Each structure stands twice: as C-alpha cells, then as structure tokens.
Amino acid sequence: MLGEYTITGRGASDIAASVEHGVSTGELAPGELLPPMRELAARLGVNPNTVAAAYRTLRERGVIETDGRRGSRVRARPATTPRESMGVEAPPGSRDIGNGNPDAALLPRLAEALAAAARRNDERPGLYGEEGVLPELAERARAAFEDDGVPAGPVAVTSGSLDAIERVLAAHLKPGDAVAIEDPGWGSLLDLVPAMGLRVLPVQVDDDGPVPAGVAAALERGARALIVTDRAQNPTGAVIGAARSAELRELLSRHPHVLVIDDDHGQAIVDEPVHPLAGATRSWAMVRSTAKAYGPDLRLAVLTGDPQTLDRVVGRHRLGPGWVSRLLQYAVVDLWQRDAVDPVAVARSYAERRDALVVALARRGVKAHGRSGLNVWVPVPDETAAVARLLGAGWAVAPGARFRLASPPGVRLTVSTLTPDDVEPLADAVAEAVRPSRGVRYD
C-alpha cells in the first residue's frame, strides 16, 4: 500500500493536494490502494472526518474511486484524462458500436451550406463589433423553442452543448456548490462538473428520466443546480414524458432558487415530444445542439433561458472567444432554410434499429433500455467481463464506467451503424456476454 510515498497534511485540502501530487508525479500509480481513513487519520494526527473530507474531494475531482469495503484506490486513469478515453479500441475485423456517433449517411452534406456561408461572407465580411448571433438564426431557434412550450427568452450561440452548460453553470455557481446530475449520464458532463470545482450529486434515472425521489434527495442535500436530458438521454435513451415533467416541475416549484438546465440534444433525431423543465424555477436554460442531426464538427449549439442567465453567459462569452464563427452560423441557417434534414425520417431510422435490438434482447431474456436516441443501455453483472466477451465476439462496446457514478454496471451499444442483418448476431453475443461467469457471485 502506497510503497515509499508518504501522504502529508493537516487539513482536508492539504491531504487531498498531497495525494494529487503523488498521482501527478507517478509516485502513486493507477490502482494504488490508499490507507483506510481511520488509519491515515491516526498517522497524520487528525480527525477521521478530515480524511473523509479529503477522500470525498478526491473522488469528486476524479482522482480516486471507492468500492465499499475494498477501500479507495487511485483511479485507473489520470484525473485529467476524460471518460471518453475509457473506450475500447476496435481491432481489425471487429465492429465499433461504442463511439456514440450518429449515422454519417443520415447527416446532410455540408458542401452547399459551407459554400453559401462563404458567399455571404464574401458579400459582407464578418468584422469586430457585430452582433454575436445572426438575427435569422436567433429567429428560427426562438420559433422552435416556442413551438415546444419553452418560455420566452433571449437566444445565444455557443460551441456545442457542453460549452453552453459550462457557461451557464459558471454564471451562477461557485466552487464547492453541488450539482444534481443523471446517473448513469453523459460522461463528458460527469467530467466537467468536478473539473469546475463543483460537487456532483448523482440522481437515479429510469426510462422516464430522473427519478423524482432522487431529485428530491439531491435538493435536500443542497443541490444548487439540476441538469436533465429531455430526450435521447445518454446512455439510457430515457425520455421525460408529460407526467414525469409535471412531477418534477411541482417538486422544483418548492426550490425556486435552483438553476435548471435542460439538455435537448435529441432535437431532430427523436420522434418523442419534448416536455422541458424550463421555467420551473427563477434561473433556467435550455440547450440544443446541431451535433447529432447536422454533424458533430459543426460545433454549434443554441440556448435560451431567463434574461439574467443569458445576460451573464453572453457577457462572459464576449470577454473570451467573443462569438461563435458567423460562417458556421450562416451554414446552419442555410441547412435549416433548405430543410436539409428530415427529422421524421431520421428519427424513424434510428428507432427501427434501436427497437429491433431491444426486442431481440428481450427474446433472449436480456433487459435493455432505449426509448429514444442513438444508444441502448444493457445492465450487466460484470462490466469488464461483458466488454471482453463482446470484443471477443467481434463487437467493441462502451464500458458503463464512462457514464456512471453510483449506478450499477452496464454497457452502451450505439445503434447508428447497425443493419437488420446485424441485430440477431449482436443480440446473441450480448446474451452470452451478460451471463455470469461460473463460480462468481454477484450480490
């Protein structure tokens, strides 16, 4: 345990910094077992609660992980390495269904849109001092928000959903504040929140979205913000329906100070209606990305929210990048004006692949989740074994550790590239992969 490295410090922050230093220098290797809290407290001459606070900080920063009676260990990856790096590399001859990408065949071709953007720029080059959001882009985005019952509010543009969420959180919260997040949930968000110095409060998710009891518990524990995915939840495919939305809105009405962020990245790829939580509290924002429907490399998202939140976001944005390239905004406007994506056809295509896989797994006695979006989530008894077995069968999937904190193990399967002929062989492989190994108990 620890080898030659000595943890030092009298306060929780000093102890946490000592462990982080050991990890960054390599003196504390990935997987290294840390001393039990009482043992380290006795060694340092401090209260066990001080060590517990240090370990909690390290967990929230992604430096260590705790597994019940097995103790706390340095994570198997550096704290600065994003969860996306925990994927499984698909060897030659295997299929990669773990990357989360949309089907390239369903994305619009960008040549015409980018050419139209270039022509507009030639006619009137974008210069300093102009408005950050194109009026026609803001108008179309605002109309789409209103069609879905989102309260009136200004429109801003950011470089993708994660950029928008980070800016909204920074506009309201300070380091140490708690944020309620779906678990399992979007791995990048699970990385971002602790990287901002915020505390993560995991909230259980079922097929209808965040479980109200979990949200209530997080609010009672002092959550200053709640982030929800309205549709196409990553990785489970959950959808917040009308009943769940009403239940959550009623709950949030008793906590008007809480910041609520709706992530609706599933717009234009999902045929389920949206039931946002926007406006349930005083401070709110709703984010929509162009990534899944129009292309991940466009790096553009639109957001709306209450005037104070948007004013803070836009003001801070001006002091950093200033604006999102108007060339990209021109291209997106062109795509919208030409109806370059048929959302009904795209949603149907993904639904057919997703539903076929879920049904095929059910016939084999395997429970799977996938109401909407690009992914299917399969609970498994042993994540490492399941990933290894599927890779051996020729399927590279995403390990659930990328998406979860306290929720049980699982694997994520991206259906974007599946064909009808793929469904049965894949379902066979998954059914075999989730079978517990002989002689191993899963309590």
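The values are calculated or read from the model by the stated rules, or taken from the named source; none is laboratory data. Everything quoted here is computed from the prediction, not taken from an experiment. Don't worry about glycine lacking a Cβ; one is built from the backbone with ideal geometry, like all the others, and counts go over all protein chains shown.
Considering the stretch 115-173, the residues that are among the hydrophobic types (A, V, I, L, M, F, W, C) and exposed (fewer than 14 other Cβ atoms within 10 Å of the Cβ) include one that is farthest from D306 (Cα to Cα), namely A115. Annotation: R109 fulfils all but one of (1) within 28 Å of the chain's Cα centre (by Cα); (2) surrounded by 13 or more Cβ atoms within 10 Å (Cβ to Cβ); the unmet one is (2). I'm trying to understand the selection: among the residues of the stretch 369-387, which are assigned to a loop (DSSP other than H, G, I, E, B) and touching a Gly at 6+ places or on another chain (Cβ under 9 Å)? Matches in the stretch 369-387: G370, R371, S372, G373, L374, V380.
Residues that are closer than 14 Å to G9 by Cα, of a type outside the set (A, V, I, L, M, F, W, C) and either surrounded by fewer than 17 Cβ atoms within 10 Å (Cβ to Cβ) or out of contact with any Ser or Thr (no Cβ under 7 Å at 6 or more places or on another chain) (or both) within the stretch 44-56 comprise G45, N47, P48, N49, T50, listed in sequence order. The residues listed here are R353, R363, R404; of these, the one that is surrounded by fewer than 19 Cβ atoms within 10 Å (Cβ to Cβ) and among the basic types (K, R) is R363. Restricting L226, L251 to residues that are in the same structural domain as E166 (by TED's automatic domain parsing), farther than 20 Å from A351 by Cα and buried (at least 20 other Cβ atoms within 10 Å of the Cβ) narrows the list to L226.
Check the stretch 398-410 and report whether any residue there is part of a helix (DSSP H, G or I) and without any contact (Cβ under 8 Å) to a residue 12 or more places away in the chain. No; the residues of the stretch 398-410 include none that is part of a helix (DSSP H, G or I) and without any contact (Cβ under 8 Å) to a residue 12 or more places away in the chain. Every residue in the stretch 225-252 that is out of contact with any strand residue (DSSP E or B) (no Cβ under 6 Å at 6 or more places or on another chain) and either assigned to a helix (DSSP H, G or I) or β-branched (V, I, T) (or both), please. Those that are out of contact with any strand residue (DSSP E or B) (no Cβ under 6 Å at 6 or more places or on another chain) and either assigned to a helix (DSSP H, G or I) or β-branched (V, I, T) (or both): V239, A242, A243, S245, A246, E247, L248, R249, E250, L251, L252. Quick check: is even one residue across the stretch 1-23 hydrophobic (A, V, I, L, M, F, W, C), over 25 Å from G187 (Cβ atoms) and in contact with a strand residue (DSSP E or B) (Cβ under 7 Å, 6 or more places away or on another chain)? Scanning the stretch 1-23 turns up at least one residue that is hydrophobic (A, V, I, L, M, F, W, C), over 25 Å from G187 (Cβ atoms) and in contact with a strand residue (DSSP E or B) (Cβ under 7 Å, 6 or more places away or on another chain).
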